[in-house]
1. Go through (1) assigned to a helix (DSSP H, G or I); (2) modelled with pLDDT under 90; (3) surrounded by fewer than 18 Cβ atoms within 10 Å (Cβ to Cβ) one by one and return the number of the condition ASP135 breaks.
2. Which one is nearest to TYR116 (Cα to Cα), of the residues in segment 44-90 that are crowded, with 16+ Cβ neighbours inside 10 Å and basic (Lys, Arg)?
3. Does LEU29 count as of a type outside the set (Phe, Trp, Tyr), in contact with a Phe, Trp or Tyr (Cβ under 9 Å, 6 or more places away or on another chain), in contact (Cβ under 8 Å) with a residue 24 or more places away in the chain and over 28 Å from THR107 (Cβ atoms)?
4. Restricting attention to strands (runs of 3 or more DSSP E) lying wholly within segment 1-110, give those where 3 or more residues are touching a Leu at 6+ places or on another chain (Cβ under 6 Å) and closer than 20 Å to GLU139 by Cα.
Amino acid sequence: MRAALPGVKFLINSYTGGQPAGLRGLEYLPYTDGMSFEAFSMKASTKFMDAGRWLQQLGDFAYVVAQGKLTIAMDYMQVGDLQRRMWSLASYLLVNSQHSYHRIAGTNVQADLQQYPEDQLDLGTSLGLPVARLDGLTEGLYSGGKIVANPNLTAKSYDLGAERGSRWC
């Protein structure tokens, strides 16, 4: 394909996170310019992944990013589902790069190509890879903020500091 279409970027949509290592599609990276991760932070059924599966998905996304490849994080949900939108965005922000993109495809008609207010967040630059904390939360630091995600089935309290109080996540 590269000979037939010189200068064209090739992305594959064959990541299958539920498979064991060596069968998830990452083995195709040497032949492509990037990869799309459908059902990025949630299963295709829009059910949340268990913590281990979610961490593996983020690790694979970060691996593709570290290879300098284009990456697309795609999730599907109803437009009004703010909890899932924020989960998808937080998951993406933990492992994104200047060559990665986040997209939510709505499962209701009015969602096509919709922009969301959170798409305009300016957190600055990432200060490194996300950290799995001892309390089960995952945290990513930016020059202008912090991302905290809770991949567990139980709510956890997180202290945002003296100026902001604490929040449930």
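The values are calculated or read from the model by the stated rules, or taken from the named source; none is laboratory data. Since the structure is predicted, the reported quantities are computational estimates derived from the model, not experimental observations. Here the Cβ positions follow ideal geometry from the backbone for every residue, glycine too, while neighbour counts run over all protein chains shown.
1. Against the list (1) assigned to a helix (DSSP H, G or I); (2) modelled with pLDDT under 90; (3) surrounded by fewer than 18 Cβ atoms within 10 Å (Cβ to Cβ), ASP135 comes up short only on (1).
2. Result: ARG85.
3. yes
4. Values: elements: 34-38, 70-77, 100-106.
Once the strands (runs of 3 or more DSSP E) in segment 1-110 are filtered for at least 3 residues that are touching a Leu at 6+ places or on another chain (Cβ under 6 Å) and closer than 20 Å to GLU139 by Cα, nothing remains.
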